[in-house]
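First up is the structure itself, then whatever we jot down about it.
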Amino acid sequence: MSKENLKDRLDKGPVICAEGFLFEIERRGYMASGEFVPMVSLDHPEVLENLHKEFQHAGSDIVQAFTYNGHREKMRVIGKEELLEPLNRAALKIAKKIATNPIGEKENLMAGNISNSNIWNQDDKNSQLEVEKMFREMVGWAVDEGADILIGETFYYAKEAYMALKIMKESRLPSVITIAPYGQNIMRDGVSILDTCKELEQQGGDVVGMNCHRGPNTMLPYLREIRKALKCHVAGLPINYRTTEGHPTFFNLPDNNGCSCHTPHETTFPTALDPMQCSRYEIRQFSKEAYDLGINYLGVCCGANPMLIREVAEAVGLTVPASKYREKMDNHYMFGKNKRIPKHIKDYRNKA
Ligand SMILES: [Zn+2]
């Protein structure tokens, strides 16, 4: 059983990382939308375990512990702070179990995860100290439970991302750090997307890039600049929604697809984004283009599902266990080319 480290894997070629657990677990009925707390690792561990297995089957090389939003502040919001450490450890143990039981020869990497705290305030030192403590305790649990790498993600304040990286690096584990700027195309503390990434590289990020908030169309132009400016490995994990220049993130994405029943709140985010999903071919195209630019760390964030992760893997030339079930339209009863399909069925296709 080989256990190659992250850098060696990236030096050789693509590394796939499935994210987007929040949306997918919610879609499966095990999380309250909006509140978005990953209680699933305690309430329904078998569901989380199975989702990790499905992503692994679809080609994810990294099993990322589902501790997104599983931080002290969020647990305070829902009045369950006492479950913070059990939740983190349960999520890490589940990820470790799946990562060490690969389908093929190669063991997966288990990743500990920290993310946007939502209390970071650039003008309030106390909030920053609070965030530092939150990150440090979570990184501690991840190291304790045998994480191979750490992922810090979805940061929209540059300085919060720097803080996350500093604390991840104290563990000496390889660190992936990805940012998620909002619709003004700048970090909330005024640092440009490119400058934030350059600084993260300077501060020792092993992999630097972008995840979440943006679909392929509004993420790729920045990834192109980042790839040009940085020497380290770069990450690109868009959401699976058709964001546009006018609406660069999924937070204010209008439904332009014939909606006849509006959401009870102001935005299509997060419960009525379905009509704006990308097709698998759009995700495939994004992955291929990003990989051709030299971006080797690829995946999908919110809106991801195992089928899309397989598309990412296959787009960059990999064959994964789920490739066995890639589309075979030739055998479709009406649109296929199989010679057993009766002519009168095929001929009706344009009227179907
Ligand atoms: Zn996301």
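The table below lists the values:
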read-out	value
Filter result for the condition that a residue is surrounded by fewer than 21 Cβ atoms within 10 Å (Cβ to Cβ), assigned to a helix (DSSP H, G or I), modelled with pLDDT of 95 or more and within 16 Å of the ligand (Cβ to nearest atom), over Phe269, Phe251, Phe286	Phe251
Enumeration of residues in the range 152-165 that are within 16 Å of the ligand (Cβ to nearest atom) and assigned to a loop (DSSP other than H, G, I, E, B)	Tyr156
The range 136-151 - residue that is in a helix (DSSP H, G or I) and of a type outside the set (Gly, Ala, Ser) and, of those, surrounded by the fewest Cβ atoms within 10 Å (Cβ to Cβ)	Asp144
Helices (runs of 4 or more DSSP H) lying entirely in the range 1-66 (those with 3 or more residues that are within 21 Å of Pro86 (Cα to Cα) and open to solvent by 10 Å² or more (accessible area, probe 1.4 Å))	21-27, 45-57
Test for Asp330: is it surrounded by fewer than 18 Cβ atoms within 10 Å (Cβ to Cβ), over 23 Å from the mean Cα position of the chain (by Cα), without any contact (Cβ under 8 Å) to a residue 12 or more places away in the chain and part of a helix (DSSP H, G or I)	yes
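The values are calculated or read from the model by the stated rules, or taken from the named source; none is laboratory data. If you're wondering where the values come from, they're calculated on a predicted model, not measured in any experiment. Backbone-built Cβ (ideal geometry, glycine too); neighbour counts: all protein chains shown. Surface accessibility is based on the protein's heavy atoms, side chains included, excluding ligands, DNA and RNA. Shrake-Rupley method; radii C 1.70, N 1.55, O 1.52, S 1.80 Å.
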